[in-house]
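> If you scroll down you'll find the structure; I have some questions about it.
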Amino acid sequence: KQLISCKNIIAAKGGSLTADGAPLEGLSYVDLARATFGEAGARFVFFCTVTASLGVCSAYIAFIGTTLESLSAQPTSFVHAALSDGPYSRDVFQLAAAAFLLPITCLRSFRFLSFTSTLGTVAVAAAIAAAPTIDFG
């Protein structure tokens, strides 16, 4: 939060962050930390960014595995019907999710993913809207 505040203050004053007068636009958090806190600060911010990114990705794959495992165990679910030789373990679903998501990391442009994220948002909204109509009794 302090780095963002620092960047906004410097941008408001029209200054640059680097000794060679490079423009403020396009700087990463690591660049900002290097200009503000030196090389040690840049390394720390890089470490935190990588750790947070890996943690979020790992949590997402774990969430997918756990969710699909629970759905495959329920006889009334679509996943159970589609995977008739299951139920599969969480690890199998996590490996399948990683195998599906790994090629996405090689994309040069995420323009295609904007369409899929819109589909995901619509699907979540539909699920939330449909939830009150389901009879769990």
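The values are calculated or read from the model by the stated rules, or taken from the named source; none is laboratory data. Quick caveat, the model's predicted, so the values are computed rather than measured. All Cβ positions, even for glycine, are placed from backbone atoms using ideal geometry, and neighbour counts span all protein chains on display. We work out accessible area using only protein heavy atoms, side chains counted, and drop any ligands, DNA or RNA first. Shrake-Rupley method; radii C 1.70, N 1.55, O 1.52, S 1.80 Å.
> Hey, how many Å between the Cα centroid of segment 51-85 and the Cα centroid of segment 110-126?
Rounded to whole Å, the Cα centres lie 19 Å apart.
> While we're on this one: Hey, rough spin-label estimate for ILE104 and PHE47, points 7 angstrom out along Cα→Cβ, what's it come to in nanometres?
That separation, rounded to one decimal, is 3.0 nm.
> Another question, then. Once you place label points 7 Å from the Cα toward the Cβ at ALA125 and ALA81, how far apart are they in nm?
Between ALA125 and ALA81, the label points sit 2.7 nm apart.
> Please report, as a whole percent, how much of the solvent-accessible surface of segment 71-137 comes from carbon and sulfur atoms (probe radius 1.4 Å).
Details: 3860 of 5490 Å².
The computed percentage sits at 70.
> Taking H placed 1.01 Å from N in the peptide plane, check which residues at least 5 places from LEU27 or on another chain put their amide H under 5 Å from its amide H.
Close amide H contacts, sequence-distant or interchain: none at all.
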